[in-house]
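**Student:** Here it is, the structure in full.
The values are calculated or read from the model by the stated rules, or taken from the named source; none is laboratory data. All values derive from a computational prediction rather than experimental measurement. Note: ideal-geometry Cβ built from the backbone for every residue, glycine included; neighbour counts use all protein chains shown. Calculation scope for accessible area: heavy atoms of the full protein, side chains included, ligands and nucleic acids excluded. Shrake-Rupley method; radii C 1.70, N 1.55, O 1.52, S 1.80 Å.
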Amino acid sequence: MQWQDRKAVGDLHEQRVANALRARGWTVHPCGQGTYPSQVREALRRTHSALRQFPDLIAARGEEIVTIDAKDHMPSARTNRYAISTTTINAGLQLTAVHAPTPLYYVFGDLKVLTPAEILHYTDHALRHSSGAYHLVSTHRAHPFDDVFGSAAARAA
């Protein structure tokens, strides 16, 4: 799959996540690499900067603020595990350390949710991808979307 194809799928998932958040009373705005001019995106692609892994969305509800990195094409249909790149996890941990207490959530294609710290915790002593490039975490460890961001039904009631 080419980068443009992956980007199109990722954009659709980001929109799905943004819509799900809005249905729960969150104000959502895009951020990160997808919002930069093409020249900046091209330059970032040639670096190892953590800015390449900046979250896709920022959302607020009342005084609460969160960041979200939408991760689609997961989980693996054969292993029931999410594969999250080590680079992504390291950048997420850096981001949350610098911007604490603002949380970063990874929202997967099945609308389940994990934080960078949870992924690191759940995979610290677990089987690693043979390349070491990915953390593999069981889908059973992830939180339901409504448990993290609230229920749309509860908001409508």
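**Student:** Residues in the stretch 33-48: is at least one at pLDDT below 90, open to solvent by less than 40 Å² (accessible area, probe 1.4 Å) and more than 14 Å from the chain's Cα centre (by Cα)?
**Tutor:** For the stretch 33-48, residues at pLDDT below 90, open to solvent by less than 40 Å² (accessible area, probe 1.4 Å) and more than 14 Å from the chain's Cα centre (by Cα): present.
**Student:** Moving on. Test each condition in (1) out of contact with any Cys (no Cβ under 8 Å at 6 or more places or on another chain); (2) more than 19 Å from A142 (Cα to Cα); (3) of a type outside the set (F, W, Y); (4) open to solvent by less than 20 Å² (accessible area, probe 1.4 Å) for Q94 and report the one that comes out false.
**Tutor:** Evaluating Q94 over (1) out of contact with any Cys (no Cβ under 8 Å at 6 or more places or on another chain); (2) more than 19 Å from A142 (Cα to Cα); (3) of a type outside the set (F, W, Y); (4) open to solvent by less than 20 Å² (accessible area, probe 1.4 Å) leaves (4) as the failure.
**Student:** I would also like to ask the following. Tally time: how many residues in the stretch 112-126 are touching a residue at least 24 places away in the same chain (Cβ under 8 Å) and buried (at least 16 other Cβ atoms within 10 Å of the Cβ)?
**Tutor:** Residues flagged as touching a residue at least 24 places away in the same chain (Cβ under 8 Å) and buried (at least 16 other Cβ atoms within 10 Å of the Cβ) within the stretch 112-126 amount to 6.
**Student:** Just one of (1) at pLDDT 95 or above; (2) open to solvent by 40 Å² or more (accessible area, probe 1.4 Å); (3) touching a His at 6+ places or on another chain (Cβ under 8 Å) trips up N80, so point out which.
**Tutor:** (1)
**Student:** A further question follows. For residues that are basic (K, R) and more than 14 Å from E14 (Cα to Cα), scanning just the stretch 49-74, find the one that is nearest to the chain's Cα centre (by Cα).
**Tutor:** The qualifying residue nearest to the chain's Cα centre (by Cα) is R52.
**Student:** So which residues in the stretch 75-115 are closer than 19 Å to L51 by Cα and among the aliphatic types (A, V, I, L, M), if there are any at all?
**Tutor:** I84, I89, A91, L93, L95, A97, V98, A100, L104, V107
**Student:** Among the residues of the stretch 72-87, are any closer than 20 Å to N19 by Cα and in contact with a helix residue (DSSP H, G or I) (Cβ under 6 Å, 6 or more places away or on another chain)? Walk me through how you get there before you give the answer.
**Tutor:** To start, the set of residues in the stretch 72-87 that are closer than 20 Å to N19 by Cα comprises 72-74.
Next cut, in contact with a helix residue (DSSP H, G or I) (Cβ under 6 Å, 6 or more places away or on another chain) only: 72.
Yes, the conditions are met somewhere in the stretch 72-87.
**Student:** Just for strands (runs of 3 or more DSSP E) wholly inside the stretch 7-81: which have at least 1 residues that are under 19 Å from D110 (Cβ atoms) and without any contact (Cβ under 8 Å) to a residue 40 or more places away in the chain?
**Tutor:** Working: elements: 27-30, 57-61, 64-71.
It comes to 64-71.
**Student:** Additional query: Report the residue count in the stretch 67-117 for those that are in contact with a Ser or Thr (Cβ under 6 Å, 6 or more places away or on another chain) and among the hydrophobic types (A, V, I, L, M, F, W, C).
**Tutor:** 1
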